[in-house]
Amino acid sequence: MAELTAGQRVPLGADAVEINVSGAGLDRYARHLGAVLIALDASRRVPESFRPMDSGAREMRPGASFVEGGALRIDLNALPAEVDRLMLVLHILGGIGAGVTLRDLQSITTTIAAHRFPLDTTNRGEASVILVEIYRRNGEWRLSANGQGFVGGIGAVASSLNIDIPVTYPDDVQDIAPSPGGHDRPPPGSKFSGSGFAVDSRHVLTNAHVVDGARTVSVASEKLTSPAEVVFVDSRNDIALLRVERDLPAAARFRFALDLHLGEDIVVVGFPLQGLLGSGPQATAGNVSSLCGMGNDSSVMQFTAPTASGNSGGPILDTAGLVVGQVHSSLNIERIRQGGVNAENVNFGSKAPMLRTFLATNDVGCTVSDDSAQRNRADIVREARSYIYLVKCEA
């Protein structure tokens, strides 16, 4: 059996195949795992004849079915003619908030036909991974060993492909966190919101999962409201960049120093629980409780400042009022307690260096400051109110 490495592409060499996924931690965490088979046509759209196929629902599609034991059987000759590519995705039910990441699985091995693709996941903190792809090329079917992971789980995969992926959850498995993109897209006409902050006179930074599924987006502060356009999305790291139609009066400043310090004080400002807590911004304080996220993900920080639904995308500020991160997700404490574990204010944020890299990649400048003068919280929040925005979306 030929062993493949991530990124390797080879002829599949068979018309009927069975795909099996195994690994050291798969049995132990089986109740937390789901698999989805995604079909795309030549235009990278989902064919009407082959909607995403969920292992949890034991669904069947023309030429494909999940069978007892979790194996996936595919008859390539029986696939609809418009199917140009198949992608098999393994994901954590509930996203990173479930308390499980790819790291817990240790390793994942995918076998298909005469090929074997082992994937070491011991240092990976993502909540979903594209295992393999089968695609047409010059009249033959080929196999690609993918291995790309997404922190935001199956929702981030859906966002990156601009498709909808319905997921079936077992009765005893629920979302433990409002994890990025971890839920189905909202139905047409529904309204939802998050937080964001200006990085220059025309751009606002928010989370990818905040705008996922949005048909229209606008930003609003205490002084202005403006339509916004989603210009770039990094689904893997749950970051989205919005461009607005009018000049913004102020922008956040990022901390020049790239390092964080365990225990340092931080302030979070955003728009949680709109309609319940009022329409204005809310501010909370806490400290940096860990320098990495789930599964030792070094791009993520953990902090204790209380957050709620709607805080996602807002800035995390140091005691000088400089951006050191962006609110990302939090654990659902009630669900954790049901498992007999006590935990309070376990929240996660993307670190500022990754945000700055994202902006630079998209040719968007941001203000960086080495100001380390300590300020009181009221002053920090007063300044933040000039550049934070409620991100309003409609599906």
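Every number in this text was worked out from the coordinates using simple rules, so none of it is lab data. Since the model is a prediction, treat every value here as computed from it, not as a measurement. Note: ideal-geometry Cβ built from the backbone for every residue, glycine included; neighbour counts use all protein chains shown.
Only Cα pairs under 8 Å and 6+ residues apart enter the sum, and on that basis the relative contact order of the range 187-395 stands at 31 percent. Here is the size of the range 187-395 from its Cα atoms: Rg then Dmax, 16.0, 50 Å. Applying the Karplus relation 6.51 cos²θ - 1.76 cosθ + 1.60 with θ = phi - 60° to the range 362-374 yields 3J(HN,Hα) values of 9, 6, 10, x, 9, 7, 10, 10, 9, 4, 10, 5, 5 Hz, where x marks Gly and Pro. Panel order for V211, V268, by other beta carbons found within 10 Å of each beta carbon, from fewest to most: V211, V268. For the listed peptides 347-356, 58-67, 104-113, a ranking on the average number of other beta carbons within 10 Å per residue, highest first, reads 347-356, 104-113, 58-67.
Find which of I388, I130, V327 sits farthest along the positive direction of the dipole of the chain, computed with +1 on the beta-carbon of Lys and Arg, -1 on that of Asp and Glu, about the Cα centre. Of I388, I130, V327, it is I388. Placing unit charges on each Cβ (+1 for Lys and Arg, -1 for Asp and Glu) gives the chain a dipole about its Cα centre, and among L359, V244, A42 the Cα reaching farthest toward its positive end belongs to V244.
Highest mean packing comes first when the peptides 30-42, 220-232 are listed by Cβ atoms within 10 Å, giving 30-42, 220-232. About its Cα centre, the dipole of the chain is roughly 400 debye, where the only charges are +1 on Lys and Arg Cβ and -1 on Asp and Glu Cβ. Taking every alpha-carbon pair under 8 Å whose residues sit at least 6 apart, the chain reaches a relative contact order of 16 percent.
Ranked by Cβ crowding within 10 angstrom, fewest neighbours first, how are R116, R215 ordered?
Working: R116 16, R215 10.
Final ranking by Cβ density, sparse to dense: R215, R116.
Across the range 195-208, coupling constants 3J(HN,Hα) worked out from phi with the 6.51/-1.76/1.60 Karplus curve, θ = phi - 60°, read 10, x, 9, 6, 10, 7, 6, 9, 10, 10, 9, 9, 8, 4 Hz, and Gly and Pro carry x. Work out the P(r) tail for the range 2-161: percent of alpha carbon pairs separated by more than 21 Å, whole number. I get 41 percent for the Cα pairs in the range 2-161 exceeding 21 Å. For C366, C292, the sequence from fewest to most other C-beta atoms within 10 Å is C292, C366. Here the 3J(HN,Hα) profile of the range 306-318, calculated from phi with Karplus coefficients 6.51, -1.76 and 1.60 at θ = phi - 60°, is x, 10, 8, 3, x, 6, 3, x, x, x, 10, 10, 8 Hz, Gly and Pro shown as x.
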